[in-house]
Amino acid sequence: MRRKDWPDALIAAICRAIKERRLALDMSIYALSQKSGVSQQAISYYEREMRRPTLEGLAKVAAGLDWELSELISAAEGFLKKGRK
């Protein structure tokens, strides 16, 4: 992966991590919205990679998923490492 492509790949991996964690917790987008304070539409856009989450939005979503922001980033990095193999 070229260095200039890394930010886009990281955002995609973060969005994937959000969706996978939500599904692993058997949580609906509505429930995550209620718990995080982030709109259902925004979460849906994040998961479909139609919108780039802000740092504040990521922190709220991570908290709604019972994760620290660092855990969300770590999960995303794990997806990136798997993709490089």
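Based on what the data block shows, is residue 69 touching a helix residue (DSSP H, G or I) at 6+ places or on another chain (Cβ under 7 Å), at pLDDT 95 or above and buried (at least 16 other Cβ atoms within 10 Å of the Cβ)?
When the stated conditions are applied, residue 69 does not pass them.
So in the stretch 21-48, with the set limited to residues that are of a type in the set (Phe, Trp, Tyr) and closer than 21 Å to residue 76 by Cβ, which one is nearest to the chain's Cα centre (by Cα)?
46
The values are calculated or read from the model by the stated rules, or taken from the named source; none is laboratory data. All figures in this text were calculated on a predicted structure; none of them were measured in a lab. A quick note on method: Cβ atoms are made from the backbone with ideal geometry, for glycine too, and the neighbour counts reach across all protein chains shown.
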